[in-house]
Amino acid sequence: MAEEDRTSDRLIWFLAGASVGAALGILFAPKAGSETRQWIGQKTAEGKDFVAETGRDAVAKGRDLYDRGKGLAEDAADLFERGRRAVHL
C-alpha cells in the first residue's frame, strides 16, 4: 500500500513539474503563435493519452485488489463458519 502511495505522489509531482515547465517554455519560446498553438495541441493530446492510460492501469489494479480482497473475505467467512459449526457440535 505504501508503494502505491509513493507512486501516486510521484505522478502528482511529475504532472506539477511538467505543467510548470510547459508554462515557462511557452512564455519564453521564440516560436510564432501558430507554431506554439500547434505544439500545445500536440502536448495536450499526449498528456490526455498518458492520463487515460494511467487511469486504465489504476482501474485494473483496483479491480485486482478488489478481487483479492473479496477472495480473502470469502475465505475468512468460510473459516468463521467452519469454526462456528465446530463449536456447536
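A few remarks follow.
- Options 23, 18, 2; residue that is under 29 Å from residue 62 (Cβ atoms), modelled with pLDDT of 80 or more and either among the polar types (S, T, N, Q) or out of contact with any Pro (no Cβ under 8 Å at 6 or more places or on another chain) (or both): 18
- Any hit, the range 48-56, residues being touching a residue at least 12 places away in the same chain (Cβ under 8 Å) and within 29 Å of residue 8 (Cβ to Cβ): yes
- Leading residue by the ranking (surrounded by the fewest Cβ atoms within 10 Å (Cβ to Cβ)) among those in the range 24-56 that are among the small types (Gly, Ala, Ser) and outside any helix (DSSP H, G or I): 32
- Residue that is modelled with pLDDT under 85 and small (Gly, Ala, Ser), where the choices are 60, 73, 86, 29: 29
- Residue 21 vs. criteria over 30 Å from residue 69 (Cβ atoms) and either surrounded by 11 or more Cβ atoms within 10 Å (Cβ to Cβ) or of a type in the set (Gly, Ala, Ser) (or both): yes
The values are calculated or read from the model by the stated rules, or taken from the named source; none is laboratory data. Since the model is a prediction, treat every value here as computed from it, not as a measurement. All Cβ positions, glycine included, derive from the backbone under ideal geometry; neighbour counts span all protein chains shown.
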